[in-house]
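Read the structure below first, then the notes.
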Amino acid sequence: MPAEVEQISPAQALERQRGGALLIDVREDDERAGGMPEGAVGIARAALAAGIAERARRHDQPLLTICATGHRSLQAAVTLRQLGYAHVASVSGGFRRWQSDGLPVAAGAFDADAADRYSRHLLLPEVGAAGQIKLGKARVALIGAGGLGSPAALYLAAAGVGTLTLVDDDKVEKSNLQRQVLHADARIGMLKTESAAISLSGLNPRIRIDARNERLQSGNVESLIRGHDVVIDGADNFPTRYLLDAASRQLKLPLVYGAVHRFTGQVSVFDPRSPDSPCYRCLFPEPPAAEDAPNCAQAGVLGVLPGIIGLLQASEAIKLILDIGKPMVGRLLCFDALAATFRELRLPRDPHCPGCGSAAVFAGYEDIQRICAPERL
Ligand SMILES: [Zn+2]
């Protein structure tokens, strides 16, 4: 290191900061999320050359650099000298010594656990601290803690979605375990919501699990999904899907649809907040007649298939929460595991749809007669 870069103690830095020097914390965004010296500005070292001009317009502005232990800040100070800043010093011992010396610290957006846990999100500019805070405040309702709900819930919990409401009234059965990876052999016979809560809190103890051991019906559908940001349809039967569709339209909640059958699956997003969005009934206007319904109880499914589809649902839910990317609204993504192909179909809104069409009338929630046994997705 060139000898001309001055190294000072945190206490000296604080004094100079009070005298008008600008203290720059050159650690990465995720490191600073756990806290920074009070009054410091955060500019990651790699972004320093591009970002400093905005903060320090004059080259005679005194600058101080700090990192975790004092190595990176020294290099950053050299960079600043090369950029023409005349008065630059690096804080030896870094933020670690700053803290151990008891100097004032501004709380970061996250505590150390969250900064560490979500560090790979915090590194993505599209998520970052602001996005992670959005995820933390978000509430997602998962209808079904089965094949689709398992992967979706695991990854949403891992991502730090603050509240997950799990709606399911089934118990864990051995035949579920081929695909419902939220559960465990030792928990056969336990309520699925309870078993799911064990796995999810084990993965991420920071999030809140609201376990609703209820069957979704006309009388409770609104109260179960109201107040959420996104609803994930992991239902295993048509009556639930039609109820969810109606309630999502009434409450204007985005619904992330997923379904699987044998070796194929499909995903879409129905978002009643968007005037162009189709709804579930644009795709399936009326429930199938009993004689046309598949014999669901006996329908097989490749175990990994709900894993793939459920994760696509989780990905869409996170995009909706963060308001990034292009949601799967107006598109139906079909996956064929045997062919290993994804096919995207256009799914426009149907003006004559019995659910969202201009002539559609909402006449209350209707419990459709159960037309087949649960598919046990
Ligand atoms: Zn519709």
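The values are calculated or read from the model by the stated rules, or taken from the named source; none is laboratory data. Because the structure is predicted, anything quoted here is derived from the model rather than measured. Neighbour counts run over all protein chains shown; Cβ positions are idealised from the backbone, glycine included. Please note that ligands, DNA and RNA were not included when accessible areas were found on the heavy atoms of the full protein model with its side chains. Shrake-Rupley method; radii C 1.70, N 1.55, O 1.52, S 1.80 Å.
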Open item on the list: Residue by residue through the stretch 55-60, what is 3J(HN,Hα) from phi via Karplus (6.51 cos²θ - 1.76 cosθ + 1.60, θ = phi - 60°)? Round to whole Hz and write x for glycine and proline.
Closed with: 8, 10, 7, 9, 6, 9
Task: the chain - percent of accessible surface contributed by carbon and sulfur, probe 1.4 Å - done: 51
Open item on the list: Please list Phe95, Phe284 from largest to smallest accessible area, probe radius 1.4 Å, with all protein chains kept in place.
Closed with: Phe284, Phe95
Open item on the list: Using a probe radius of 1.4 Å on heavy atoms only, what accessible surface per residue do you get for the chain? Whole Å² is fine.
Closed with: 46
Task: Viscosity 0.692 mPa s, temperature 37 °C, Stokes-Einstein D of the stretch 182-265 from Kirkwood C-alpha radius, µm²/s - done: 226
TODO: Can you find, among Leu311, Leu83, Ser218, the residue farthest towards the positive end of the dipole of the chain? Put +1 on the C-beta of Lys and Arg, -1 on that of Asp and Glu.
DONE: Leu83
- [ ] Please list, in chain and number order, the residues 5+ apart from Glu173 or on another chain whose amide H is under 5 Å from its amide H, with Hs placed from the backbone.
- [x] Gly189
- [ ] Step through the residues of the stretch 333-343 one at a time and calculate ³J(HN,Hα) from phi using the Karplus curve (6.51 cos²θ - 1.76 cosθ + 1.60, θ = phi - 60°), rounding each to whole Hz and writing x for Gly and Pro.
- [x] 9, 10, 10, 10, 5, 5, 7, 6, 10, 10, 10
Open item on the list: If the only charges are +1 at each Lys and Arg Cβ and -1 at each Asp and Glu Cβ, what is the size of the charge dipole of the chain around the Cα centre, to the nearest 20 debye?
Closed with: 600
TODO: Send over the per residue convex hull volume for the chain, Cα only, as a whole number of Å³.
DONE: 176
TODO: At 1.4 Å probe size, with no ligands or nucleic acids counted, give the accessible surface of Asp101 in Å², nearest ten.
DONE: 80
Task: the chain, relative contact order in percent, only Cα pairs under 8 angstrom and at least six apart counted - done: 14
- [ ] Give a residue-ordered list of calculated ³J(HN,Hα) values for the stretch 11-26 (Karplus: 6.51 cos²θ - 1.76 cosθ + 1.60, θ = phi - 60°; whole Hz; x for Gly, Pro).
- [x] 5, 5, 4, 4, 5, 5, 4, 5, x, x, 6, 9, 8, 10, 8, 8
Task: Using distinct alpha-carbon pairs, which all enter the 1/r mean, Kirkwood radius of the stretch 9-148 in Å - done: 16.1
- [ ] Taking all protein chains together and a probe of 1.4 Å, list Arg96, Arg262 from the most accessible to the least accessible.
- [x] Arg96, Arg262
TODO: Please list, in chain and number order, the residues 5+ apart from Val230 or on another chain whose amide H is under 5 Å from its amide H, with Hs placed from the backbone.
DONE: Arg139, Ala141
Open item on the list: Out of all DSSP beta bridges in the chain, what portion is antiparallel? Express it as a percent rounded to 5.
Closed with: 40
